[in-house]
1. Just the residues that are open to solvent by less than 30 Å² (accessible area, probe 1.4 Å), over 18 Å from the mean Cα position of the chain (by Cα) and within 26 Å of V177 (Cβ to Cβ), please, taken from the stretch 52-91.
2. For the stretch 27-51, name all the residues that are of a type in the set (A, V, I, L, M, F, W, C), modelled with pLDDT under 95 and open to solvent by 70 Å² or more (accessible area, probe 1.4 Å).
3. Return only the number of the condition from (1) under 30 Å from D46 (Cβ atoms); (2) without any contact (Cβ under 8 Å) to a residue 12 or more places away in the chain; (3) of a type outside the set (K, R) that G129 does not satisfy.
Amino acid sequence: MELEEPTAYEEGWLRVLDELRDSPAIDVLNEVQDDIDLTAEDSLFDDLAEWEGVELGAELRNAYIRFSQLGSQWQTVPPHPDLAGEFRLSPLPLAVHEDAPEFPSSLYSDEQRELATGFRVIDSSPFTGTGSLVAVRLQPGMENPEIWFSDHRTNSLWKMDLDYAEYMETLRLTKGVFDWQHLFTEAPLNDEEYVGTARDLQAMLDILPSVFPDHDYAPLHARLAERLR
């Protein structure tokens with residue numbers, strides 16, 4: 001049986017894996033690249049609208065991958081400063097039909113758990129097992145769904161200032177550096193609780209531009225400077 005050819009968008013994501021694998025500064029600890037799932041198609045968005053009353057906008061139909069799973073767990077190697085990350089993506093048309101992730105009542109408030117009933121996971125770090133995840137939040141009448149970061153380190157849920165397409169594009173730059181999402185949340189990076197996060201974000205933007213010089217990190221530098229004011 002002839003294998004399905006990846007789209008130009010999917011080829012871009014395969015290049016992300018290549019960049020990590022080919023960089024002498026990076027040690028790829030684990031990688032997953034499953035086959036394209038032919039059931040991951042736009043018609044599943046139509047099913048979501050019909051069955052659950054959630055209609056997603058047309059802009060989402062050009063910004064997802066069809067690989068059953070695609071991801072990488074990596075870290076820098078000496079003499080480069082320590083930096084690590086992981087991402088694990090699945091097709092958006094399938095993800096929106098999965099169950100919401102569970103948040104235990106012993107750690108999360110009733111309000112947080114109610115909010116999370118609309119979450120559908122789009123990115124996680126199962127190899128590392130951090131417990132943190134990123135989800136779209138499905139809501140009737142919201143064609144371009146919110147993106148939320150669940151930071152299990154602090155048992156907190158943060159709305160991100162990115163939509164789905166923007167999240168995917170920014171992930172291609174950050175390569176899944178741990179906690180990069182806080183560049184786009186309202187987490188108080190100047191507070192003591194987030195001093196380590198701010199330090200890690202600065203390290204990310206010190207290291208990645210030299211490791212991946214073909215990418216433009218200037219907007220992320222500007223974003224961090226704004227967040228640290």
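1. Selection gives T76 alone.
2. L38, W51
3. Condition not satisfied by G129: (1).
Residue-wise test of (1) modelled with pLDDT of 95 or more; (2) in contact with an Asp or Glu (Cβ under 8 Å, 6 or more places away or on another chain); (3) more than 17 Å from P219 (Cβ to Cβ).
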| residue | (1), (2), (3) |
| --- | --- |
| T117 | yes, no, yes |
| L133 | yes, yes, yes |
| E143 | no, yes, yes |
| H152 | no, no, yes |
| L157 | yes, yes, yes |
| L171 | yes, yes, no |
| F184 | yes, yes, no |
| P188 | yes, no, yes |
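The values are calculated or read from the model by the stated rules, or taken from the named source; none is laboratory data. Everything quoted here is computed from the prediction, not taken from an experiment. Reconstructed Cβ throughout: ideal geometry from the backbone, glycine too, with neighbour counts over all protein chains shown. These accessible areas exclude ligands, DNA and RNA; they are computed on the full protein's heavy atoms, side chains included. Shrake-Rupley method; radii C 1.70, N 1.55, O 1.52, S 1.80 Å.
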